[in-house]
Amino acid sequence: MNDSLSGAAIADDLRQHLLEISRERDSAYRALQEREAELARVQRIGRVGGVEVDLRDGFRNRRSPEYLLIHGLPPEAANESHQDWVNRIHPEDREATERQFLAAIAGKDEDYTAEYRIIRPNDGEPRWIRVIAKIERDPKGWQSVCSVLTST
C-alpha cells in the first residue's frame, strides 16, 4: 500500500512539473509573439523589410511581411522564386542587378550591397530598393544571404 501511495505522489509531482513546464512554454511563446509583433511594427514604420535566400538547395527564399508590402506582393508570395524577383526588377536595371547578385554569392566577400529599381506588380509603380546583406558560408561552401532592404 505504501508503494502505491509513493507511486501516486510521484505521478502527482510529475503532473505538476509538466504543468509548470507547459506554463513556462506558453509564457515564452506569448513573449515571442509580442517581440515579433514589435519587430513588424518597427519594420513598417521604418519601411524596412527582410529576405533570406538559402542557396544550399537552389534558391529558397523567406520574405518578411514588410518586404512583401515594399514590393507590392500578396502574402502568398513569401516564398517566391528567384526568377519572380528578377522579373520584378526594372528592365533597365535587371541584367546588372542580377549579375551583381550572382557575382556576390559566387565570390568570397561577406558583404553585399545593391541599389536598383523594381516595378511593383500590385500597382505598376517603380520603387528604388537599397539592399544591405550578409552572405554566410559554411565550411562546405553552402551559402545563405540574409538581406535587409529599404525602399524610397
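The values are calculated or read from the model by the stated rules, or taken from the named source; none is laboratory data. Please read these numbers as outputs of a predicted model, since none were measured by experiment. FYI the Cβ positions are ideal-geometry reconstructions off the backbone, even for glycines, and counts take in every protein chain you see. Accessible surface is based on the protein model in full, side chains and every heavy atom, while ligands, DNA and RNA are left aside. Shrake-Rupley method; radii C 1.70, N 1.55, O 1.52, S 1.80 Å.
Restricting segment 38-52 to residues that are over 14 Å from the mean Cα position of the chain (by Cα) and aliphatic (A, V, I, L, M), which is farthest from Ser64 (Cα to Cα)?
So the residue we want is Ile45.
Condition check ((1) open to solvent by 80 Å² or more (accessible area, probe 1.4 Å); (2) β-branched (Val, Ile, Thr); (3) at pLDDT below 90; (4) touching a His at 6+ places or on another chain (Cβ under 9 Å)) across all residues:
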position: Ala9; (1), (2), (3), (4): no, no, yes, no
position: Arg15; (1), (2), (3), (4): yes, no, no, no
position: Leu18; (1), (2), (3), (4): yes, no, no, no
position: Ser27; (1), (2), (3), (4): no, no, no, no
position: Arg30; (1), (2), (3), (4): yes, no, no, no
position: Arg44; (1), (2), (3), (4): yes, no, yes, no
position: Arg47; (1), (2), (3), (4): yes, no, yes, no
position: Ala78; (1), (2), (3), (4): no, no, yes, no
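Residues being polar (S, T, N, Q) and either buried (at least 16 other Cβ atoms within 10 Å of the Cβ) or touching a Cys at 6+ places or on another chain (Cβ under 6 Å) (or both): count how many of those fall in segment 80-96.
Number satisfying all stated conditions: 0.
Would you check if Ser64 is farther than 30 Å from Lys140 by Cα and surrounded by 10 or more Cβ atoms within 10 Å (Cβ to Cβ)?
No; evaluated as a whole, the condition is false for this residue.
Just one of Asp93, Asp111, Asp54, Asp84 is out of contact with any Lys or Arg (no Cβ under 8 Å at 6 or more places or on another chain) and of a type in the set (D, E, K, R); which is it?
Only one candidate qualifies: Asp84.
Anything in segment 32-42 that is open to solvent by 70 Å² or more (accessible area, probe 1.4 Å) and not acidic (Asp, Glu)? List them, or say none.
Leu32, Gln33, Arg35, Leu39, Arg41, Val42
Of the residues Arg23, Arg99, Arg117, which single one is surrounded by 10 or more Cβ atoms within 10 Å (Cβ to Cβ), touching a residue at least 12 places away in the same chain (Cβ under 8 Å) and not aliphatic (A, V, I, L, M)?
None of the others qualify; the one that does is Arg117.
What number of residues within segment 41-74 satisfy the criterion of being of a type in the set (Lys, Arg) and either in contact with a Ser or Thr (Cβ under 6 Å, 6 or more places away or on another chain) or within 19 Å of Pro126 (Cβ to Cβ) (or both)?
Adding up the residues that qualify gives 1.
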